[in-house]
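This is the structure I want to talk about, given as structure tokens.
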Amino acid sequence: MAQDEPAPCRLYLITPAALEPANFAPLLAAALDAGDIACVQLRLKGESDDKIRRACDALMPVAQSRDVAFILNDRPDLAASIGCDGVHVGQEDTPYKEARRLLGPDRIIGVTCHDDRDLAMEAAEAGADYVAFGAFFPSGTKETKHQPDPEILQWWSEVMTVPVVAIGGITPANCGPLVAAGTDFLAVSGSVWNHPEGSAVAVKDFLKAIAAAR
């Protein structure tokens, strides 16, 4: 919704591409307990349904018990059956309309839009709960094919009320321009889980950087 004062930028955590749920759960809990986190996306590309289900069983309660949304990447069918709060789909994943059919009207669906304003407008008009632009910086998490300018975030925040997520290689050191441009969320992964002092310190560093940029 449009507001007189802009909503604060929040963190959107994406899990590592490979993880052992029992070992990762404490790292996730530490990150979530370190400060304000909007949601957690479980991203296990190419894994079996059974492995995804086991990961959800272990990690979803960690997030939901802290009032943090738990979103599954790419699999609206599993998200619906497991009870996830929503799903994130890319341009090569399940189409938005099919994801909405599977999840119903009340759960979160976000859509990757790369650096394409038309794709983002189409997703928003179709009913997506958020759109994601990126990668803004080189990323070790996935291959970078698109690199938008932060100006796209400013444009979006000025013309649309649907929230926007910035993604791709984001760190506490480089996130400032994205926050200043008006992104609602920073999607972060490796910079949190690979932090030498642990995930909690990483989250605190991000929150300090966000506050400074605003």
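Only the coordinates and a few stated rules stand behind these numbers; no lab work does. Quick caveat: nothing in here was measured; it's all calculated off a predicted structure. Note: ideal-geometry Cβ built from the backbone for every residue, glycine included; neighbour counts use all protein chains shown.
Along region 185-193, what does the Karplus equation 6.51 cos²θ - 1.76 cosθ + 1.60 (θ = phi - 60°) give for ³J(HN,Hα), rounded to whole Hz, x for Gly and Pro?
9, 10, 8, 9, 9, x, 5, 8, 6
Can you run phi through the Karplus equation (6.51, -1.76, 1.60; θ = phi - 60°) for region 146-160 and list ³J(HN,Hα) in whole Hz, with x for Gly and Pro?
10, 9, x, 8, x, 4, 5, 5, 5, 4, 4, 5, 7, 10, 10
Which values of log₁₀ I(q)/I(0), to two decimal places, follow from the Debye formula for region 99-214 at q = 0.11, 0.16, 0.20 Å⁻¹ with a uniform point scatterer at every Cα?
-0.37, -0.76, -1.08
Taking 7 Å along the Cα-to-C-beta vector as the label spot, tell me the Asn23-Ala126 distance in nanometres, rounded to one decimal.
Each label point is offset 7 Å from its Cα along the Cβ direction, giving 3.7 nm.
Under 5 Å between amide hydrogens, which residues at least 5 positions from Gln41 or on another chain qualify, with H placed 1.01 Å from N in the peptide plane?
Residues meeting the amide H criterion: Leu13, Ile14, Thr15, Ile71.
Let me ask something additional. How high is the FRET efficiency from Asp67 to Gln91, r the C-beta distance, R0 30 Å, rounded to 0.05?
Step by step, r from the Cβ atoms, then E = 0.50.
Below 15 angstrom from the Cβ of Lys97, what's the summed charge of the other residues (Lys, Arg +1; Asp, Glu -1)?
Charge balance near Lys97 sits at -3.
In whole Å, what are the Cα extents of region 1-64 along the three principal axes, biggest one first?
That works out to 46, 23, 17 Å along the principal axes.
Computed FRET efficiency, Cβ-Cβ of Arg214 and Ala173, R0 22 Å: what is it to the nearest 0.05?
0.85
Could you please rank Asp118, Asp33, placing first whichever residue has the fewest other Cβ atoms within 10 Å of its Cβ?
Details: Asp118 8, Asp33 13.
Listed from fewest to most nearby Cβ atoms, that is Asp118, Asp33.
Please give the contour-minus-distance gain from Glu197 to Glu158: 0.36 nm per residue of separation, less the Cα-Cα distance, rounded to one decimal in nm.
In short, 10.3 nm is gained.
Here is a follow-up. Take region 10-213, compute every pairwise Cα distance, and split them into 5 Å bins from 0; I just need the percent in each bin.
1, 8, 17, 21, 22, 18, 11, 3, 0
Separate question: So for region 10-213, if I pair up every lysine 8 or more residues apart or on another chain, how many of those pairs have alpha-carbons under 24 Å apart? If you can, show how the numbers build up before the last one.
Working: Lys45/Lys97; Lys45/Lys142; Lys45/Lys145; Lys51/Lys142.
Counting lysine pairs in region 10-213 gives 4.
Just from its helices, what would the mean residue ellipticity at 222 nm be for the chain, if runs of 4 or more DSSP H residues each count -39500 (n - 2.57) and the sum is divided by every residue, rounded to the nearest 500 deg cm²/dmol?
After summing the helix terms and dividing by residue count, I get -12000 deg cm²/dmol.
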